[in-house]
Amino acid sequence: MTTEFDLSCATCGSPLSKRTVSVDHLNARNVEAAVCGNCGDRYFPESTLRRLD
């Protein structure tokens, strides 16, 4: 199954890397995101979105 970590940035086409980012949310303090090292855009995998729901 392809995840956000396997894709390129939709904005600039650069590779994405897995990072842990902090969030202010009751169900999660730190979550995984795919972050573009070039433009800084963030993409959240489905597993992260489920934790924030």
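The values are calculated or read from the model by the stated rules, or taken from the named source; none is laboratory data. In this text the structure is predicted, and so the values were computed from the model without any measurement. In this analysis, Cβ positions are derived from the backbone assuming ideal geometry, glycine residues included, and neighbour counts consider all displayed protein chains. Just the protein is used for accessible areas: all its heavy atoms, side chains included, with ligands, DNA and RNA removed. Shrake-Rupley method; radii C 1.70, N 1.55, O 1.52, S 1.80 Å.
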**Complete:** Summing -39500 (n - 2.57) over every DSSP H run of at least 4 residues in the chain and dividing by its residue count gives a helix-only mean residue ellipticity at 222 nm, to the nearest 500 deg cm²/dmol, of -3500 deg cm²/dmol
**Message:** Let me make sure I get this right: for the chain, a, b and c are the square roots of the gyration tensor eigenvalues over alpha carbons, sorted descending. Under 1.5 in a/c it's rounded, otherwise prolate if a/b > b/c, else oblate. Which is it?
**Reply:** prolate
**Asked** Where only protein heavy atoms count, and the probe is 1.4 Å, what is the accessible area per residue for the chain in Å²?
**Response** 73 Å²
**Message:** In the chain, if the dipole is taken from +1 on Lys/Arg beta carbons and -1 on Asp/Glu beta carbons about the Cα centre, which of 21, 33, 43 is farthest to the positive end?
**Reply:** 21
**Item:** Segment residue 53-residue 5, length gained on full extension (0.36 nm per residue, minus Cα span)
**Value:** 15.2 nm
**Complete:** Ranked output for segments 31-37, 8-14 by mean other Cβ atoms within 10 Å, highest leading, reads 31-37, 8-14
**Charge tally in the Cβ shell below 15 Å around residue 13, where Lys, Arg are +1 and Asp, Glu are -1, residue 13 excluded** = -3
**Message:** Under a Cβ-only charge scheme (Lys and Arg +1, Asp and Glu -1), can you give me the dipole magnitude of the chain about the Cα centre, in debye to the nearest 20?
**Reply:** 160 debye
